[in-house]
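These notes are about the structure you will find just below.
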Amino acid sequence: MYAIAPTFDIDHSPEWGSDRLDLDAYLRRIGYEGVRDNSLKTLQQVHQAHMSTIPFENVDIAVGRTVSLDIAELERKLVRSGRGGYCYETNLLFAAALDRLGFPVMRMLSRIREGDTRRRFRSHTSLLVRTADEPDTVWLADPGYGYAGLIEPIPLRDGARATVGAWSWELGVDVDDGHWVLRSQDGEGRWSDLYAFRPERQYEVDYRAAHYVSSTRPGSPFVNRLVAQRGSETVRHRLRNDVLVTDHPDGRTERAVLAPDEVVAALREKFGLTLTDEDVSLLLGFLQRGESAAAC
């Protein structure tokens, strides 16, 4: 069994580049105007603001661009260009902001489950965070999971539950292998595993390797496939190539097959992405190639 409250402190390592992040620009991007301290209230508010503003999306990977995890590139793309990113991008940006605000942060790699019983490699990133006003409590933070991810942090405690709006999450320990497991409850009251993790600090080289596999390996869910996700207190949107799925708190699910120009419109309107003319051209080409392949 792993410790309920792992020991970690503020990570001053220069490998993350946190000191190079323009914190003012980041906070403007997410619309946060509150106190800049390392309290639980600030953690909750910044977490929710980040998730509601910076969506999960892999447009660059889908159209064949190389994605960098360097903090300057994350700032250019996610903060200044109005884009989102997939988990490595958005959670490493969030972690850098927490570093700057004075929170002790542990960066981890987690195993996606989502109902699959196979043991997958550690392809998702999540964070453990401590706050100044509750130093004996460790919080799981993860604004970069996607549509069903945490809206606010949840305490790292077996049986802990968190509810925001109509959605609920639960943390527990898998007695078979000692992993912590984050579960999500849907609008009909059903619980399902999102991902599993062990509270073990990861380093920049670990992220570089996992990111390379996730963003380049044939068969990765993010290679040759467009994915965008966004969740809020009232609705969850999931886009996969040309299929848009919308989940409502009462259990209703809507599914729509979109034309290429409608996909671009959905990315802008439902996911809040700022897309350049070049982005749109590459996306339309990607989607049209997909239509051609499906027709063969």
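The values are calculated or read from the model by the stated rules, or taken from the named source; none is laboratory data. This is a predicted model, so every value here is computed, not measured. Please note: Cβ atoms are built from the backbone with ideal geometry, for glycine as well, and neighbour counts cover all protein chains shown. Keep in mind that these areas ignore ligands, DNA and RNA; they rest on the heavy atoms of the full protein, side chains included. Shrake-Rupley method; radii C 1.70, N 1.55, O 1.52, S 1.80 Å.
In the stretch 46-88, how many are out of contact with any His (no Cβ under 7 Å at 6 or more places or on another chain) and in a loop (DSSP other than H, G, I, E, B)?
Initially, the stretch 46-88 is screened for residues out of contact with any His (no Cβ under 7 Å at 6 or more places or on another chain), giving 46-68, 70-86.
Subset that is in a loop (DSSP other than H, G, I, E, B): 54-55, 58, 63-68, 70, 81-84, 86.
Of the residues in that region, 15 qualify.
Taking the conditions exactly as written (assigned to a loop (DSSP other than H, G, I, E, B) and either open to solvent by less than 80 Å² (accessible area, probe 1.4 Å) or β-branched (Val, Ile, Thr) (or both)), does Leu275 satisfy them or not?
Judged against the criteria, Leu275 is a match.
Output the residues belonging to the stretch 215-233 that are in a strand (DSSP E or B) and polar (S, T, N, Q). Walk me through how you get there before you give the answer.
Start the filter on the stretch 215-233 by keeping residues that are in a strand (DSSP E or B), which leaves 227-231.
Passing the criteria: only Gln229.
Restricting attention to the stretch 106-136, report how many residues are farther than 19 Å from Glu15 by Cβ, at pLDDT 85 or above and of a type outside the set (Val, Ile, Thr). Lay out the reasoning, then the answer.
Filtering the stretch 106-136 for residues farther than 19 Å from Glu15 by Cβ gives 110-121, 123-124, 130-136.
Now restrict to residues that are at pLDDT 85 or above: 110-113, 123-124, 130-136.
From what's left, of a type outside the set (Val, Ile, Thr): 110-111, 113, 123-124, 130, 132-136.
So the answer is 11.
Can you name every residue in the stretch 173-231 that is open to solvent by 30 Å² or more (accessible area, probe 1.4 Å), in contact (Cβ under 8 Å) with a residue 60 or more places away in the chain and among the aromatic types (Phe, Trp, Tyr)?
Tyr203, Phe222
Could you please find all residues in the stretch 39-96 being among the β-branched types (Val, Ile, Thr) and open to solvent by 20 Å² or more (accessible area, probe 1.4 Å)? Step through it out loud before you land on a result.
Within the stretch 39-96, the subset among the β-branched types (Val, Ile, Thr) is 42, 46, 53-54, 59, 61, 63, 66-67, 71, 79, 90.
Passing the criteria: Thr53, Val63, Thr66.
Pairs, please: C-beta under 7 Å, at least 6 apart or cross-chain, first residue farther than 14 Å from Asn58 by Cα and modelled with pLDDT of 95 or more and in the stretch 251-275, second surrounded by 12 or more Cβ atoms within 10 Å (Cβ to Cβ) and among the small types (Gly, Ala, Ser)?
Leu258/Ala266
Suppose we filter Arg111, Arg122, Arg100 for residues that are touching a helix residue (DSSP H, G or I) at 6+ places or on another chain (Cβ under 7 Å), surrounded by fewer than 21 Cβ atoms within 10 Å (Cβ to Cβ), closer than 17 Å to Tyr195 by Cα and among the basic types (Lys, Arg); which single one remains? Break it down into steps so the answer makes sense when it comes.
Values: Arg111 fails: touching a helix residue (DSSP H, G or I) at 6+ places or on another chain (Cβ under 7 Å); Arg100 fails: closer than 17 Å to Tyr195 by Cα.
Answer to the selection: Arg122.
Of all residues in the stretch 232-247, count the ones that are in contact (Cβ under 8 Å) with a residue 40 or more places away in the chain and not basic (Lys, Arg). Give the steps one after another, and end with the answer.
Step one: list which residues in the stretch 232-247 are in contact (Cβ under 8 Å) with a residue 40 or more places away in the chain, which gives 232-234, 236-238, 241-242, 247.
Okay, now just the ones that are also not basic (Lys, Arg), so 232-234, 237, 241-242, 247.
Residues in the stretch 232-247 being in contact (Cβ under 8 Å) with a residue 40 or more places away in the chain and not basic (Lys, Arg): 7 in total.
Taking the residues in the stretch 183-211 that are within 17 Å of the chain's Cα centre (by Cα) and among the hydroxyl-bearing types (Ser, Thr, Tyr) as candidates, determine which candidate is nearest to Trp16 (Cα to Cα).
It comes out as Tyr207.
Restricted to the stretch 1-21, and to residues that are of a type in the set (D, E, K, R) and either in a helix (DSSP H, G or I) or open to solvent by 50 Å² or more (accessible area, probe 1.4 Å) (or both), which residue is modelled with the lowest pLDDT?
Here is the first cut: in the stretch 1-21, the residues of a type in the set (D, E, K, R) are 9, 11, 15, 19-20.
Among the residues that remain, those that are also either in a helix (DSSP H, G or I) or open to solvent by 50 Å² or more (accessible area, probe 1.4 Å) (or both) are: 9, 15, 19-20.
Details: Asp9: 87, Glu15: 95, Asp19: 96, Arg20: 97.
Looking at the filtered set, the residue picked out is Asp9.
Can you name every residue in the stretch 22-45 that is of a type in the set (A, V, I, L, M, F, W, C), assigned to a helix (DSSP H, G or I) and in contact with a helix residue (DSSP H, G or I) (Cβ under 8 Å, 6 or more places away or on another chain)? Reasoning before the result, please.
Taking the stretch 22-45 and keeping what is of a type in the set (A, V, I, L, M, F, W, C), we get 23, 25, 27, 30, 35, 40, 43.
From the residues that got through so far, the ones that are assigned to a helix (DSSP H, G or I) too are 23, 25, 27, 30, 40, 43.
The answer is Leu23, Ala25, Leu27, Ile30, Leu43.
Taking the residues in the stretch 158-172 that are open to solvent by 40 Å² or more (accessible area, probe 1.4 Å) and touching an Asp or Glu at 6+ places or on another chain (Cβ under 9 Å) as candidates, determine which candidate is nearest to His47 (Cα to Cα).
Restricting attention to the stretch 158-172, the residues satisfying the condition of being open to solvent by 40 Å² or more (accessible area, probe 1.4 Å) are 158-159, 161, 163, 165-166.
Add one more test, that the residue is touching an Asp or Glu at 6+ places or on another chain (Cβ under 9 Å), and what stays is 159, 161, 165-166.
Working: Gly159: 22, Arg161: 17, Gly165: 15, Ala166: 18 Å.
Going through the qualifying residues, I end up with Gly165.
Open to solvent by less than 10 Å² (accessible area, probe 1.4 Å) and under 26 Å from Glu269 (Cβ atoms): is that true of Leu27 in this structure? Quick ask: steps written out before the conclusion?
Working: open to solvent by less than 10 Å² (accessible area, probe 1.4 Å): yes; under 26 Å from Glu269 (Cβ atoms): yes.
It is true that Leu27 is open to solvent by less than 10 Å² (accessible area, probe 1.4 Å) and under 26 Å from Glu269 (Cβ atoms).
Restricting the search to the stretch 236-269, which residues are open to solvent by 90 Å² or more (accessible area, probe 1.4 Å), touching a strand residue (DSSP E or B) at 6+ places or on another chain (Cβ under 9 Å) and assigned to a loop (DSSP other than H, G, I, E, B)?
Arg252
Here are some conditions: (1) touching a strand residue (DSSP E or B) at 6+ places or on another chain (Cβ under 7 Å); (2) within 22 Å of Asn91 (Cα to Cα); (3) modelled with pLDDT of 95 or more. Asp193 meets all but one. Which one does it not meet?
Exception for Asp193: condition (3).
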